[in-house]
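Report on one structure; see the data block that follows.
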Amino acid sequence: MLSTWRSGSNAYKTSLPPLGGRPLRAFIGWGGIILKDAGVDLLAALKEYYRAVQRESCGRCVPCRVGTKLILQILEKLSEGDQSALRRQLKSIALLVQQGSKCELGQSAAKPALDFLDNFDRLASSAPGEGGPAEYKAVVAAPCMQRCPAHLDIPRYMECTQEVRFREGLDVIRESTALAGVLGRVCVHPCEDHCRRGLVDEPLAIRGIKRFLADYELGRGRRPRLDGARMNGRPPVAVIGAGPAGLSCAYQLARRGYKVTVYEALPVAGGMLAVGIPPYRLPRDILQGEIEAIKELGVDIQYNTRVGREISFKELLQSYRAVFIATGLHESARMGVEGETAGYEGFVPGVKYLRNLNLGLPVPRGKSIAVVGGGNVAMDCARSSVRLGFEEVYLLYRRSRAEMPANECEVRDAEAEGVKFYFQVNPVRIVAEDGKVKGVECVRMELGEPDASGRRRPVPVPGSEFFLSCEVLVPAIGQVADLSFLDGMEGLEVTKGGTLAVDPVTLATKVPGVFAGGDIVLGPRTVVEAVAQGNRAALSIDQYLTSGKVKAGPQDLVDAWLKEFGVFDAVEEVGLPSGWPRKEEKAAPVEERLQDFREVELGFDFDDGVAETARCLRCYRVGLMVF
Amino acid sequence: MVTLTIDGRQVAVPEGTTILEAARRLDIRIPTLCYHPLLRPLGYCRLCLVAVEGAGKPVTACNTPVAEGMVVHTSTPEIEEWRKGIIEMLLSQHPADCLTCEKAGDCDLQDCAYQAGVKGPAWKAEVASLPVLRDNPFIVRDYNKCIVCGRCVRVCLEVQGNAALELVGRGIETKAGTVDPAGLKEAGCVFCGNCLQVCPVGALTERAGEGRGREWELKKVRSICSYCGVGCNLTLYVKDGKVVKVKGYENPEVNNGWLCVKGRFGFDYIHSPDRLTKPLIREGARGSGNFREATWEEALDLVARELREIKESHGPDVLGFLCSAKCTNEENYLLQKLARGVMGTNNVDHCARL
Amino acid sequence: MTNSIADIAKADCLLVIGSNTTENHPVIALKVKEAVRRGAKLIVADPRHIELVDWAYLWLRQKPGTDLALINGLLHVIVKEELYDKEFIAQRTEGFEEVKLAVEDYTPEKVAEVTGVPAEDIVKAARIYAAGPRSSILYAMGITQHITGTANVIALANLAMACGHIGKEGSGVNPLRGQNNVQGACDMGGLPNVLPGYQPVTDAGVRRKFARAWGVPELPKDAGLTLMEMMRAAEEGRLKGMYIMGENPVLTDPDASHVEKALQGLDFLVVQDIFLTETARLADVVLPGASFAEKEGTFTNTERRVQLVHKAVEPPGEARPDWQILRELMERLGCPSPYSSPEDIMAEISRVTPSYAGITYGRLEEKGLQWPVPAADHPGTPILHREKFTRGRGLFQAVHYLPPAEEPDEEYPFLFTTGRLLYHYHTVLSRKARGLEEICSEPVVEINPQDAEGLGIQDGQTVEIVSRRGKVRVKAWITTRVPRKVVFMSFHFWEAAANLLTVPALDPVAKIPEYKVCAVKLEKVTA
């Protein structure tokens, strides 16, 4: 066993997970060499590694383009016979590749050669080739890309933007999602948490650049354009729900030439994007423009068609050989307090509140409103209320600010817009008069023992009850599914949490040809996770309709392996000078934005957008699995 | 303003300035190959690597913005070694035919290698030899000499807005090329030749100038393009009384050095064998095209006599004068002066409307 | 141009109308593209799908010859939606009320009917242009070569003044001039009605000044004939002698066969040129001049920038710089011309031309100077009309749409329009450049695929184009660049001279021929 691979704790990494059950004999990559089986011919594997690096090298910078080729040539000479002069040359070239390459691909690719030289004596005494002929598999990873649930090729579209090849950048994004303008606005961008630039100063504005590219297309007077194959005569596919998961599945299938029909209960497509997220975060023309582009690929959306009402689930199964269920969570969770089911005027659950608002249906009005909850839906309810003209907007949350699940920027904007926060407060009773909400009785909370999620559980402080006067009360503490449309369907499993059970990789249910994804499977989660599941379901459906079987593919295995092995090292010393701050997107001033539901964030202008991408370290890394 | 120290000297520059620009203010020379002042810096060639105190790795000066308090060293022994190494790497895949290369004497790679004292590569990278492309009348493309600086691609995309060029291939095989492998015209090239103007090496050269003079033999004369009304500034390259090639002159107010196909490649009418070389006097019927050569004395005397006679017998207004939108201001001034002041007619016009 | 070339990139909105900029002013097109890249909204108004259309935010595909209706339509929307700049109009202009009334009838719906541009696009374009905040107009011969050419330009000026988009950085009205020194030739008095610097020949004071400077007793006081009028006069025997320097009217003037006839009828014709052009072939005496590379002098570009050319090579054989030829001739005609160099001539020009007063060769060397340069220490004028217009207040003038002089009818069902190509310029120089000739050696006529199908014409087949005045044979290029019922051809090629077909109808003010519209029929040429 030899490992030159240091992980964050500075200890050598020795664990080498198997790939889909198949054990690895060695791994050569960005952190060095992990050799489990001394019988591996390391020199041969190294040559294979540098061949892979040459294949992946974009060729722009000299050290990576030429240097890694020279490393390969010297390794070939070395396998003819060792010469210390060759090793000296190898070392100086590898050092230059490491120090001088433009991006992480080249910089990290020098490490195996240097580690090989550092351990030359030890390795020379091993017994190469004894373990029999090796098999190789090269992998390419980038921390941001691996962290993104939809695996967007982030470094590539950053580079396209940097080189002002915007059209190409959009095409890269659209490999993974049709919703560039949407995700460019509302994605919670987990990728930015795994951005190595963040280890130097601040992470790249990855989401902002996505928006920049989408906006640039619109700014040129163009409509979003998606490319796809012609209809190929394969069996038609049904998708239930035109939310981000359903649309993504439909998009990816349409690109492969499938005829897809999407059944949507509401009069608009977009799911929570259309009836949950308010327009000041996601203007409707942006969303509808991208949905139109999906429709132009041949996707048919049947509006006002609730499965279980206008058409039964059984009928769908008869008419289509594959169905993707992506109905989402459109019911609010109950608070479990007195008066919740009394039908008081002025009481409206958060999901319904937003839905009505977005569909132009009536919502209770008044001077004061209290929103209960600490997630993004609660923020959306509160910030929308400010725009509706409520003079007092309260937000009640049972834990402290630090524990709020809502995005920090949402909380900050809500504060700036005048929302009054009550932390560590929980409602206990709705107070009404003549069937109208008058206020809510609350109790103060304190932190108790940690619960299953690891967070300390808030418990009421006895005797701390107080009354908060309000005319409207909106609970937004969570969402649940309405699965009534599946009534009488056998074989579909429902979890304890009230979601559908599926194979976590292929998203297949127990019923052949039926797949499910998005919030209906994950619970209330993010848009990008819904997109990822929609994409994955399309892959499974394609597999199912072409081969009749569904199983995890090679990329699934690699993704799972990379996740286990780890691509991002949160304590890495990147070694670059800091002080190149992230560009911030422009935002409308508070007094302007509160006039109506106009967009708050305004995106990057040309100069800032292109300049921001210059900060990208392009952290592609090449790895070589040896079996 | 941001204050930083470069090679021990302090300088204050506006935020967003790159290290390279800041160094140039101090007249500190950092070698570059892919950098071009009129194009976005992308840090391809790595020749401008500098050391920043407190950072483990060197950074490229061309596209790293300065930061407050930054301490930069542009020429440590280590940095010099790396630069040499990079040049050696470039030479390891570059043909060693400087003796006959069109670009000799005007080649950035040659200059960089010379200044860094690099004698030649220790290794020769194994690369396939590529055919030299002459698929159009204007530009010779020898991608064996391409150093992948990307300037041609950037100028085509960012200046010409044409996107006919891109970097093709991976790894050591990477070269500039056309988006359609069939050729320049097929890729949508409009032959502005601005790629050729920014190419630092002999990969892109003028076909018309091939074998017609070495850089140091050519006289350079500033001029203005003779085609359209934009007035692009030119440099004419002259040898033995002939214009052998044209480059754009960087007048930032007008064309910034950029040209179009006519301005850059359409100059050889100057030396057309069809040029008129002697005054001609008509023989035979008008329009028959029969002329005899005459001396200037004879021709000018004839013109003066005829003009005077027509004026004397019919008055000045039976004469008409056409100025030229191709001639100089001074010449047009003289012609209208001749018409008005000497002959006494306002019948003066030119093709302004055509 | 009211503004500078570099200024184009600063606009937030660019309206390009009647200019195929990427082919005719390629380096200015780079600035347009730069502006678009930075987020400017580009509105292209052109009947043809020119390259800039692919860069446009909005493409207005008007029928050829309907520009005035379109421009007035834009102004109608701006008036109706009150998008105009009240302050600018009040402080800097006069006559707006009249124009306001005049454009009342140009509703988007009516204009859509005339121009073929959808009404909603007219409204959209008007809003974008008015919103700016910096909006600039670029136009070229597609606007001027009509019988309403002058009115078209006035309409554009109305539009710009109404929105206050003039006299400011990034906001102006910018004609893109054709030939390299067409601006200079105009500046130098190469026009029948003005002396250098646009000083009217009808002004006695001006005439006195020039007569004194030139040492002659007096100068003619009535405006002379324009080129087209000279041709007509020659044909009618009223013009006896002509002196043509560096022009080829036989190929460039409309209704070319008439021009040739007119020149044939002269008693005496002198042509001074560098090639034996179609026109020179008709001359009694041909004088060999020098190309730009063979002499010193100045050219004035489209942004009014006076720039120096230097002598790089000797003229071939006995050819001489044109200024020397003229100097010799003037001496022979009794006018002492003691110029030893073009610099001496410029010294005289700056003495008599106020807008060139501050120009000396020494000041031009690095970047040139944009006139007006009223004094030796004046830095030149990159933007015109900053504080006030030349006449004081900017004058709005009501102008109205008129259909072209000759429209397609049953006999001649196609609308014929002409222009330039990227690889050539006019009729001579580029055709003597080997590379340009190699890459673009023969004329083509652009025909819409649907029309071609109707006529049974295949791509590359020869067609005969016939107008009431003549016919040419040329290869067909089947392309959607042109709309249905419109055919386009360049006028560079003597082999198929487009101007044998064009109509000699003139704009009544500027006397510009209507090159952009006439009626033709197409016939397939068999075998």
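Here are the numbers:
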quantity: Spans of strands (runs of 3 or more DSSP E) in the range A:461-580 with at least 1 residues more than 20 Å from A:Cys191 (Cα to Cα) and in contact with a helix residue (DSSP H, G or I) (Cβ under 6 Å, 6 or more places away or on another chain); calculated: A:472-475, A:514-516
quantity: Residue that is surrounded by the fewest Cβ atoms within 10 Å (Cβ to Cβ), among those in the range B:115-141 that are hydrophobic (A, V, I, L, M, F, W, C) and over 27 Å from C:Gly435 (Cβ atoms); calculated: B:Ala128
quantity: Selection count, the range B:210-247, where residues are more than 7 Å from chain C (Cβ to nearest Cβ) and open to solvent by 10 Å² or more (accessible area, probe 1.4 Å); calculated: 17
quantity: Options B:Glu173, B:Glu166; residue that is surrounded by fewer than 23 Cβ atoms within 10 Å (Cβ to Cβ) and free of Cβ contacts under 8 Å to residues at least 24 places away in the same chain; calculated: B:Glu166
quantity: Criterion violated by C:Ile244 - all others in (1) surrounded by fewer than 24 Cβ atoms within 10 Å (Cβ to Cβ); (2) in contact with an Asp or Glu (Cβ under 9 Å, 6 or more places away or on another chain); (3) within 9 Å of another protein chain (Cβ to nearest Cβ) satisfied; calculated: (1)
quantity: Residue within the range C:106-126 that is in a helix (DSSP H, G or I), open to solvent by 20 Å² or more (accessible area, probe 1.4 Å), of a type in the set (A, V, I, L, M, F, W, C) and within 30 Å of C:Arg420 (Cβ to Cβ) present; calculated: yes
quantity: Residue among A:Gly276, A:Gly233, A:Gly257 that is at pLDDT below 95, open to solvent by 30 Å² or more (accessible area, probe 1.4 Å) and either assigned by TED's automatic domain parsing to the domain that holds A:Ala293 or farther than 30 Å from C:Asp12 by Cα (or both); calculated: A:Gly233
quantity: Which listed residue is within 13 Å of chain A (Cβ to nearest Cβ), closer than 25 Å to B:Asn194 by Cα and at pLDDT below 95, from B:Leu38, B:Leu90, B:Leu47, B:Leu42; calculated: B:Leu42
quantity: Tabulated pairs, the range A:68-97, first without any contact (Cβ under 8 Å) to a residue 12 or more places away in the chain, second loosely packed, with under 14 Cβ neighbours inside 10 Å, C-beta under 8 angstrom, 6+ apart or interchain; calculated: A:Gln73/B:Glu126; A:Lys77/A:Gln83
quantity: Tally, over the range C:328-368, of residues that are more than 10 Å from every other protein chain (Cβ to nearest Cβ), open to solvent by less than 40 Å² (accessible area, probe 1.4 Å), of a type outside the set (S, T, N, Q) and in contact (Cβ under 8 Å) with a residue 24 or more places away in the chain; calculated: 2
quantity: The range A:4-33, subset more than 30 Å from the chain's Cα centre (by Cα) and within 20 Å of A:Gln107 (Cβ to Cβ), residue surrounded by the most Cβ atoms within 10 Å (Cβ to Cβ); calculated: A:Ile33
quantity: Count - residues of the range C:190-211 that are at the interface with chain B (Cβ under 8 Å from one of its Cβ atoms) and more than 25 Å from C:Phe268 (Cα to Cα); calculated: 5
quantity: Test: residue in the range C:370-379 that is open to solvent by less than 10 Å² (accessible area, probe 1.4 Å), within 29 Å of C:Ala211 (Cα to Cα), away from every other protein chain (no Cβ under 11 Å) and of a type in the set (A, V, I, L, M, F, W, C); calculated: yes
quantity: Per-region count, the range A:43-60, residues in contact with a helix residue (DSSP H, G or I) (Cβ under 7 Å, 6 or more places away or on another chain) and open to solvent by 10 Å² or more (accessible area, probe 1.4 Å); calculated: 6
quantity: Selection from the range B:311-326 of residues that are buried (at least 21 other Cβ atoms within 10 Å of the Cβ) and without any contact (Cβ under 8 Å) to a residue 40 or more places away in the chain; calculated: B:Val318, B:Leu319, B:Gly320, B:Phe321, B:Leu322, B:Cys323, B:Ser324, B:Ala325
quantity: Residue in the range B:192-208 that is within 14 Å of chain A (Cβ to nearest Cβ), crowded, with 19+ Cβ neighbours inside 10 Å and over 26 Å from C:Glu34 (Cα atoms) present; calculated: yes
quantity: Residue match in the range B:35-57 (condition: part of a strand (DSSP E or B) and open to solvent by 20 Å² or more (accessible area, probe 1.4 Å)); calculated: yes
quantity: Among (1) more than 10 Å from chain A (Cβ to nearest Cβ); (2) in contact with a Cys (Cβ under 7 Å, 6 or more places away or on another chain) - the single one B:Leu33 does not satisfy; calculated: (1)
quantity: Verdict on C:Val271 being more than 20 Å from C:Lys471 (Cβ to Cβ), more than 7 Å from chain B (Cβ to nearest Cβ) and open to solvent by less than 10 Å² (accessible area, probe 1.4 Å); calculated: yes
quantity: Checklist (1) assigned to a helix (DSSP H, G or I); (2) of a type in the set (A, V, I, L, M, F, W, C); (3) open to solvent by 20 Å² or more (accessible area, probe 1.4 Å) applied to A:Ala109, failing item; calculated: (3)
quantity: Enumeration of residues in the range C:208-217 that are part of a helix (DSSP H, G or I) and without any contact (Cβ under 8 Å) to a residue 24 or more places away in the chain; calculated: C:Arg208, C:Ala211, C:Arg212
quantity: Which listed residue is at pLDDT 90 or above and in a loop (DSSP other than H, G, I, E, B), from C:Tyr425, C:Tyr401; calculated: C:Tyr401
quantity: Search result, residues across the range B:265-310 that are among the hydroxyl-bearing types (Ser, Thr, Tyr), open to solvent by 20 Å² or more (accessible area, probe 1.4 Å) and either within 7 Å of chain C (Cβ to nearest Cβ) or in contact with a helix residue (DSSP H, G or I) (Cβ under 8 Å, 6 or more places away or on another chain) (or both); calculated: B:Thr277
quantity: Residue in the range B:64-81 that is closer than 26 Å to B:Trp258 by Cβ and in contact (Cβ under 8 Å) with a residue 40 or more places away in the chain present; calculated: no
quantity: Some residue of the range C:212-220 being among the small types (Gly, Ala, Ser), surrounded by fewer than 18 Cβ atoms within 10 Å (Cβ to Cβ) and more than 7 Å from chain B (Cβ to nearest Cβ); calculated: yes
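Matching residues to (1) among the hydroxyl-bearing types (Ser, Thr, Tyr); (2) touching a residue at least 12 places away in the same chain (Cβ under 8 Å); (3) away from chain B (no Cβ under 14 Å):
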| position | (1), (2), (3) |
| --- | --- |
| C:Ala151 | no, yes, yes |
| C:Ile166 | no, yes, yes |
| C:Ser171 | yes, yes, yes |
| C:Pro175 | no, yes, no |
| C:Gln183 | no, yes, no |
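Results for (1) under 21 Å from A:Pro279 (Cβ atoms); (2) modelled with pLDDT under 95; (3) outside the structural domain of A:Pro283 (by TED's automatic domain parsing); (4) open to solvent by less than 10 Å² (accessible area, probe 1.4 Å), shown as yes or no for each residue.
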{"position": "A:Leu170", "(1), (2), (3), (4)": "no, no, yes, yes"}
{"position": "A:Val182", "(1), (2), (3), (4)": "yes, no, yes, yes"}
{"position": "A:Val188", "(1), (2), (3), (4)": "yes, yes, yes, no"}
{"position": "A:Pro203", "(1), (2), (3), (4)": "no, no, yes, no"}
{"position": "A:Leu213", "(1), (2), (3), (4)": "no, no, yes, yes"}
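The values are calculated or read from the model by the stated rules, or taken from the named source; none is laboratory data. In this text, all values refer to a predicted model and were calculated from it rather than measured experimentally. Glycine gets a Cβ as well: all are built from the backbone with ideal geometry, and neighbour counts include every protein chain shown. Side chains are part of the model used for accessible areas, which takes the heavy atoms of the whole protein and leaves out ligands, DNA and RNA. Shrake-Rupley method; radii C 1.70, N 1.55, O 1.52, S 1.80 Å.
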